[in-house]
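The values are calculated or read from the model by the stated rules, or taken from the named source; none is laboratory data. These numbers come from a predicted model, not from an experiment. With ideal geometry, Cβ positions are generated from the backbone for all residues, glycine too; neighbour counts draw on all protein chains shown.
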Amino acid sequence: MSCRESFILNPIALKARWVLVLLLFLCTLNKVSAQFIPTTFKKKVEKLITASPKEYTPINTEFKREKRDTVLMAYLNQEAKKANYYEAQAYALNHIGRTFRNLSQFDKAEMYHKEALKIAEEANSIDFRVLSHNWLGVVYRRTDAIKTALDHNQEALELAESVENPSHHIKRSINVSLNCIGNLYQTLEQYDLAIEQFKKALKLDYELDNKLGLAINYQNIGECLEHKGELDQALENYRKSLAFNEEINNVMGRILCKNSIAQVHLKQNMPHAALVLLEPLHELSIQLGDNFITSSVFINTGWAQSKLGNFKKAENHIKKGLDMAQRYNMPSIELLAYGHLAELETVRGNYKNALEYQKKADQRDKQITSGRNLRYMHDVISRYEADKRNSEIADLAKENELVRLRLRKNQTTFLVSALAIGLIASILYILHRKYQSQNEKRVLSLEQNMLRSQMNPHFLFNSLNSIKLYIINNDQKNAVHYLNKFSKLVRKILEASSSKETTLEEELETLELYMNIENIRFSNEIDFEVNIDKNIDLGQIKIPSLALQPFLENALWHGLSPKEGRKKVSLDVTHKTNGHVTITIEDNGIGREAAHINKENRVLKRKSVGINITKERLANFAKDYQNSFEVQIIDLFDDNGKARGTKVEVEIPVI
């Protein structure tokens, strides 16, 4: 009997499926008729809109029982839209998307979650932005879009962890992000990294007494251990997960756990024990409607029948799972089915059929991922982590050496001064040294703050993330190209941090590297040009190290980032007088006033200190050469008085 026939011959399943199709059809209509909505629910919606809470928890408390009813959620979305109540819209759309996801309707699920994310961004709601990113990550992971899923889950985690006093929902969202990232590491076959993420989530689940989270993370740890071949430990974790699922009466969780335990029994060559668990799950998983789980249950049942020599039954069950995987776009399940069909045909002696199935498995495997690229990405991650640790150790050693040298120098200076000049001279000298020491500390602090502003973790993370996308897309040429540029920029920044000044020529080279890397994130939309007067020798002009980067960064992220259309930054170097040279950075962005409004509207406000640090460093630089400097920030306007960009003029002495 085929998979399609089994559904036709089951009237209960058929009725349930048609009811579900009708409900999903209704929820996609532009307008939900009020006659289908219970009066009690209408009153609940009206009450919620009147109160208009902004966080997820109070909305979820009100609609916890109805959130899986797509018709009611569609009505909530409709009424919230009329009232411009964005948070309720995001809540309703996300739960409709979740229902489609559990039915393996991934395209529709993606559409609803994206709409919810757009609305959450309009509302500036961290709660619902985090929720939307996390659930989009789950959708993309289910369809093996690993790089897109990882981006969404990492964005969700970064947003959630940025909240100073997180609510219960935000803490739960951090767990979801950790769990999703762990699942992605698991897909990339980085099982130890995945287990590390799951254990972090497990610890938080115990703190929150989140039994569903405990069940999920024990299940995930069991899967990683199973892949590593540690079957006894995998069984132990699966059984812990099953116990929590039984406690909270989670039907889906029970099916997952029993399917996983049966899979371990099959690997332990215990097919009878596996069938005892699997056969009761057939109808239960079909009624649940999650085709991802159902297809896996059928494939494992076929595997068990194959081990028992029931080849016809085995073929039917595996092909049922394969049919679901193909209909609902589940590449990893297709790969699993083709592999078991190849094994089955080999045992039956049908080597030609076995070869065809194996070819299909290999083809699907190549489409899902490239093993060579996965190993390469893992090496990049490992090298980055190792280099970061080594750099931290080296920095600590240098700081200790500097402290020791300063102490020795101060002791020697004090003794020589006391003996040579006497008591009065010693007091004057000590006062002088105190002033000098404070000035040196201030300069050192400025240099350290300058380095931190260049090497902030957010810039490093996003640069590596951009390189990672090229790697996962198998674009090795661009990956190597930008990785070389990134490493060269980091080396230049580290070298510059140890020197007080550099030539203008080297400074401009560093700025071009920085622009090349940042332009990746702007999809290479920014036109950056450098113009230099012919009579200027850049190698003879000195400037404080990394003094111009903060002005360029402000132009990119405050002026050009929110701008639509053509984006341009120009840097001009000209002679102003015999003793000074003028460096001009001009952009065609939205202007300082509009940028300030954008900054005030953000939920998370970060105080920009890069410009102030640079001005202090320029002041110290000019003072050392008994000269002056000047920084002017000029707002540019067109003939109609509309902002057309910003210009920064930095006038420095020529040494």
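Hand me the list of helices (runs of 4 or more DSSP H) wholly inside region 44-150 holding 2 or more residues that are over 21 Å from S173 (Cβ atoms) and over 24 Å from the mean Cα position of the chain (by Cα). Even if it seems obvious, please write down each step before you answer.
Numbers: elements: 56-63, 70-82, 86-102, 106-123, 126-142.
Once the helices (runs of 4 or more DSSP H) in region 44-150 are filtered for at least 2 residues that are over 21 Å from S173 (Cβ atoms) and over 24 Å from the mean Cα position of the chain (by Cα), what remains is 70-82.
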Members of region 231-281 that are more than 30 Å from the chain's Cα centre (by Cα) and assigned to a loop (DSSP other than H, G, I, E, B): I248, N249, Q268, N269, M270, E279, P280
Of (1) part of a helix (DSSP H, G or I); (2) surrounded by fewer than 16 Cβ atoms within 10 Å (Cβ to Cβ); (3) aliphatic (A, V, I, L, M), V530 satisfies all except one. Which? (1)
Could you give me the residue pairs with C-beta distances under 9 Å whose first residue belongs to region 94-113 and is within 21 Å of Q287 (Cβ to Cβ) and polar (S, T, N, Q), whose second residue is buried (at least 24 other Cβ atoms within 10 Å of the Cβ) and modelled with pLDDT of 95 or more wherever it lies, and which are 6+ apart or on separate chains? T99/Y112
Candidate set: region 135-149, residues that are touching an Asp or Glu at 6+ places or on another chain (Cβ under 9 Å) and in contact (Cβ under 8 Å) with a residue 40 or more places away in the chain; chosen: the one nearest to L178 (Cα to Cα): G137
In region 320-370, the residues that are in a loop (DSSP other than H, G, I, E, B), in contact with a helix residue (DSSP H, G or I) (Cβ under 7 Å, 6 or more places away or on another chain) and not polar (S, T, N, Q): Y328, M330
